[in-house]
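Reading through the structure tokens given below for one structure.
The values are calculated or read from the model by the stated rules, or taken from the named source; none is laboratory data. Computed from a predicted structure; not experimentally measured. Please note: Cβ atoms are built from the backbone with ideal geometry, for glycine as well, and neighbour counts cover all protein chains shown.
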Amino acid sequence: MRAKGEDVTQSAMDHQAMLAALDWQIELGAVDALAETPVDRTALPERAPRVDDWLRRGGDSAAQAQGQPADRRMGQPPETAPADAPLPEVDPVTEARAAAAAAATLEGLRDALDAYPHCGLRQGARSLVFSDGRPEARVMILGEAPGADEDRAGRPFVGRAGRMLDLMLDAIGLRRDTPDARHAVYITNVLPWRPPQNRDPTPEEIAMMKPFVERHIALADPELVLLMGNIACQAMLGRRGITRLRGTWLEVAGRPALPMFHPSFLLRNAAMKTHAWADLLEVKARLR
């Protein structure tokens, strides 16, 4: 609340100053929030008693000595939930396989991803980035993971890397926004959520998402799959080293697959565009 007699103009100026400070932090690259709301750690309560502290004090007998039921001290009856009872083990990859296999449509697969609780990346991402383009397309492009631009837009391959990809595709007569399925592409990523600070996905994150990617390919049913970058190759081929892998037709999910340089890599290494052009000509020849 505003103090009595406070100048409203001064309050508005303070608001504008705070917005300017926020813009300045964003320009410096501070774009990842660690929590939805700020935390005043000086106002946090003291540490709550832990279960192991309670056990060291004597467990049930300590509670009963103070005239309090043991189940109220622990929050639940010991006979139904003993403190040392092991938690049920959950295998995220097994659950991912089951969820992906149950999806009968692309929309159902998106819903399954949205409901999948075991990938921590979802907690720090703004959007679930599922796909772009036409699902009926002959060519499916598999990228790595959303970046900041993709996370904001909710679509894969936007920003500078997306514009580079569109130029590459246009050079061989393909577009993501054309109604003609023969000249369209369908685009997705290995990970649907942005990793913090655009770090590489961990092997555990890739393993969780691979069943969804395989089901995505099966439901879209493309003729060709283009693996853009090392992470896509690691996920689908179990191999890295895009410089060695690019230009060689392999197989993914029973379909011809061509590893290619990621557009963001080409933006940093212009000399490699010659190799990218050769790979695009391979794709064009394969589609005839």
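Assorted remarks:
- For segment 240-260, the count of residues that are touching a residue at least 24 places away in the same chain (Cβ under 8 Å) and within 20 Å of the chain's Cα centre (by Cα) is zero.
- Exactly one residue out of V185, V129, V139 is in contact (Cβ under 8 Å) with a residue 40 or more places away in the chain, within 18 Å of A103 (Cβ to Cβ) and not acidic (D, E), and it is V129.
- Residue within segment 107-130 that is among the polar types (S, T, N, Q), within 24 Å of R199 (Cβ to Cβ), at pLDDT 60 or above and under 21 Å from the mean Cα position of the chain (by Cα) present: yes
- The set of residues in segment 142-168 being in contact (Cβ under 8 Å) with a residue 60 or more places away in the chain and assigned to a helix (DSSP H, G or I) consists of A148, R160, A161, G162, M164, L165, M168.
- Single unsatisfied condition, L191 versus (1) at pLDDT 95 or above; (2) closer than 27 Å to P211 by Cα; (3) in a helix (DSSP H, G or I): (3)
One line per residue, one yes/no per condition, for (1) more than 18 Å from the chain's Cα centre (by Cα); (2) closer than 24 Å to A104 by Cβ:
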position	(1), (2)
G159	no, no
M164	yes, no
D170	yes, no
H183	yes, no
P192	no, yes
P196	no, no
E204	no, no
N230	no, no
